[in-house]
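Engineer: One structure follows; several queries about it will come next.
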Amino acid sequence: MAGVRSILLFSSLPLLLGQLLCGRGARAVVIPVDAAAGNDSLCVAAQDLNDSTTEYPAGLQWKYLQQTTYISPCQSLQAALGNQPCSRGCYLDNTKRLPPNLDLQLSPGVYRLTACLGILQASNLTIRSRGDAPGDVIIECATVPNNDYYDNLYVCGSERVRFQGLVFRKCGPFSPNVFLNHSSGLVFDNCTFRDNIGSSLQGQFCNDVTLTNTHFINNDNQQVAEPDVNETSIEELYDSITTGGGFTFFTRGQPATIRIEKCSFVENSANRNDPNNTRPVLLKANGHGGAVLIRLANADGSEITIADSEFVNNKAQVDGGAIYMTLSESVSGSSIFIERSNFTGNTVEEASGGAVSINSFQISFNNTIIVRNCSFLGNSGNAGGAFSIALYDSDINSSRSPDGVNFTECDFVNNMAKNEGTAVGLFSLVHVDQVGFPVGFENCLFMNNTSEGVTQDTSAIAAFRFPITFQGTNRFLGNLGGGVTLLNTQMRASGVLEFDSNTAVFGGGIAMDDRCLVTSSG
């Protein structure tokens, strides 16, 4: 066939070029990539599988299928993916679509990205390591710091894309290592994000994102947002926050499903704000979510699951040393599950939630937050040493069901705070007559949590206009600052509520102030 490039036979790469069958479930076409032995001028790239690179035909026509059953590997990801540009309107432009059912297999080595590489309108795409040892396939930026606005690996308008066994490192600060946009069915399996100086993995307007056995290590978000003098209200906070230290996700107007399972987040940070930023601490755009930042805006029916994961020594300047989440613009019918996970040594400097901070803006309702079988050990914050929940708006005249939060079988040990809540801080920052949604504790342990304040009068749980309930057996042992503090709220207890060896200036067990109601049902 005239005009066809040579195809080399590599005995060390017996990769069969399978026939493509259109539609989901078809056998994938293998495209080998080898940083050491590949040749970009000889390899078959994704776009070579079309008759045209400017128009996506109804049925793919194979140029090379009749030539050989073996193909030469590409040397770079850019060549393997056909040097796709990073088009921000990719999900509207069918001329940039990748062929479906591709399997890029990367041999051990370091693959450097010299510019933004687009994965545009892909379907059933896998990019995986062919190495035997974890961490032997590395994707990194050629230039660090990279001040280009565009991202380094950009997935847009795609569905069912899987990354497997890859290390993403040394990118940022203005662009994440991997940016996901308007895509679904995205999986990161056994991957590692490390030593990036921006948000390592960022997604927006995506659905069905899964991280499993994936690790975020020593990522330090150094992006600094410029001060916005027009932003002066707490209601606008959720729209100003940019990115966290490890994984950042944002969606508006559509539901999202996110699963983080068997993952670890170690020594990630989000600590950068413009030093000339004089806004109140809660209005600072950066410094939220040292490991994970998730924002749901008008995203009814979303489901966030974090399970069987570890969060160790992450830190943030403002909120959420490990995790920061916001619900805004009347989010309803959504669920957040944090299960069987450990939070150890996470810190926040200026505000709340040494390990986890969840904030609700602009009347969210009928949402469920479940924290179950989790351990919070040695976390610290200005308030809410381990966990904080803040409400910035409420709808007390509505017949709609309020949000609900439940902590079940959780341990809070050796956490610290200077102000309200050495373990858990609950804050309703609305009108005095408006109250937060109910928060329940069942079979939880609060032990040796410590108040760092001058008066050492901060209890393990501080509830400010948040009604709380206790069920089962809940124990408060050896807490410095007391067990529970109530302000303008009510508490209902059933089962066993044990206080032992707690010390405080006011109420070593329970302290109450300003119109509180405590009831017991046995």
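Engineer: Using only the alpha-carbon atoms of the stretch 99-216, report the extent along each of the three principal axes, biggest first, to the nearest angstrom.
Structural biologist: 34, 33, 24
Engineer: Listing Ile294, Ile468, Ile461 from the residue with the fewest other Cβ atoms within 10 Å to the one with the most, what is the order?
Structural biologist: Ile468, Ile294, Ile461
Engineer: Put a dot 7 Å past each Cα toward the Cβ at Leu517 and Thr114; how far apart are the dots in nm?
Structural biologist: Calculated label separation equals 7.1 nm.
Engineer: At Ala37 and Ser335, where each label point lies 7 Å from the Cα along Cα→Cβ, what is the point-to-point distance in nanometres?
Structural biologist: Inter-label distance under the simple model: 4.9 nm.
Engineer: Multiply the residue separation of Thr257 and Asp308 by 0.36 nm, subtract the distance between their alpha-carbon atoms, and state the gained length in nm to one decimal.
Structural biologist: Computed gain between Thr257 and Asp308 is 16.6 nm.
Engineer: Moving to a separate point now. Skipping prolines and chain starts, which residues have an amide H placed within reach, meaning under 5 Å, of the one on Gly440, given they are 5 or more residues away or on another chain?
Structural biologist: Answer set, sorted by chain and number: Val405, Asn406, Phe407, Thr469.
Computed from the coordinates by the stated procedures, all read-outs in this text should not be read as laboratory data. For clarity, every value in this text was computed on a predicted model and none was experimentally measured. Cβ atoms come from the backbone with ideal geometry, glycine included; neighbour counts cover every protein chain shown.
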